[in-house]
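Here's the structure, in structure tokens; my notes come after.
Readers should treat all values here as calculations from the given coordinates under stated rules, not as data from a laboratory. What you see is a predicted model; the values in this text were computed from it and never measured. Cβ coordinates were reconstructed from backbone atoms using ideal geometry, including for glycine residues, and neighbour counts include every protein chain displayed.
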Amino acid sequence: MVMMILMLMMSVLLLARTDDDFCYDEDHCDPYAWGDSYPSCHPLLDSHHSPINLDHHLMKNHSLDSLQLHGFNLTHKGQWWLTNQGHSVVLEVGDGMQVSGGGLPATYRTFQLHFHWGSVSSNGSEHTLDHLRFPMEMHIVNIKSTHPNLTSALEDPTGIAVLGVFVDVTYLHNENFQSISSALSYVAYKGQTKSIKPFPLVNLLPQNNLTQYYRYHGSLTTPPCSEVVLWTIYEVPVYISWAQFEQFVSGIYSTEEEAEIQALLHDNYRHIHPTYSRPVYASKDAKLLTNGVSSLACFNSVSVIVYLLLKI
């Protein structure tokens, strides 16, 4: 239990810092300035930064099958904790879930997930799919099980595995997302925390398309931007309603409740980085980027049209 608490504390400190030392919307501390305070965030020093644009310059890898999501279909005991830490909303999920297979070099234990989103007039996913930016992106963060804590994992070039899920907007309410969306009003301000009853985490994934994804080696997308992440980006998004999306863009603040000036948290995503010579792989069942531009263009058009209509 002590180890779990320490691990969760480190996750908040290192992956979703509560300090006011980086931001997304002010020139002196936005993503382009992170390198001033965190040298490892400077994109000119290294070539493995995230996020990236996923396009047709990738390689099909037929050995990339479905990941093994151990415990994701179970309802675990205890409590999970949803926290507004000023840069995102983080759900700490405790013990009981692991990720392996699908080309990963080891077993990784799941310990938190968080979100990146846009605003009422902009999309906010971190990765882009053939230059399409989705309204939101969810990251499920896992650390290699051989490491006792996150600090140790950050010293390992493949110490962290992140599952990235695009979140799109539709007219239908997503009941699987309700456990999170119903708790957002309790964590509207920085530092606020709300307990959540555990639910099967697989409900938040594109369950019918889990074998369709892209894989590359990159970095954390927040300081310290450590280049230790094996990214798995599912190509098919999950869907939430406009009302659920609006709870993020219009109801979450980057400031504390007592702050003299309140600031909504929005557009909390890092800019796109070059892939350079990095290989980017498509799983054996990936379709959108491997079947040619036409299928993706059709998908993009429907997605964008539905999203814009919902905002009218």
Original post:
Taking a quarter of the surface of the convex hull around the Cα atoms of segment 101-193, what do you get in nm²?
Top reply: 8.6 nm²
Original post:
Hey, got the dipole for segment 2-311? About the Cα centre, +1 on K and R Cβ, -1 on D and E Cβ, debye to the nearest 20?
Top reply: 1200 debye
Original post:
Which lysines, on any chain, are close to Lys60 with Cα under 22 Å apart, when same-chain ones fewer than 8 places away are left out?
Top reply: Lys284, Lys287
Original post:
When ranked by the protection proxy of mean other Cβ atoms within 10 Å per residue, highest first, what sequence do the peptides 213-225, 91-103, 168-180 form?
Top reply: 213-225, 91-103, 168-180
Original post:
Out of Tyr216, Leu172, Phe72, whose Cα points farthest toward the positive end of the dipole of segment 2-311 (charges: +1 Lys, Arg; -1 Asp, Glu; placed on Cβ)?
Top reply: Phe72
Subject >> Sequence-distant residues sharing a close amide H with Gln68 (under 5 Å, placed H) >> reply: Ser100, Gly101, Gly102
Original post:
Relative contact order, percent, of the chain when contacts are C-alpha pairs under 8 Å separated by at least 6 residues?
Top reply: 25 percent
Original post:
Which percent, nearest 5, of DSSP beta bridges in the chain are antiparallel?
Top reply: 75 percent
**OP:** May I ask for the percentage of alpha-carbon pairs in the chain that lie more than 34 Å from each other?
**Re:** 15 percent
**OP:** Could you tell me the largest-minus-smallest coordinate of the C-alpha atoms of segment 36-175 on each of the three principal axes, in descending order and whole angstroms?
**Re:** 41, 40, 39
**OP:** For Tyr38 and Tyr186, calculate 0.36 nm times their separation in residues minus their Cα-Cα distance, and state this gained length in nm to one decimal.
**Re:** 50.1 nm
Original post:
Highest mean first, what order results for 143-150, 264-271, 229-236 on Cβ atoms within 10 Å?
Top reply: 229-236, 264-271, 143-150
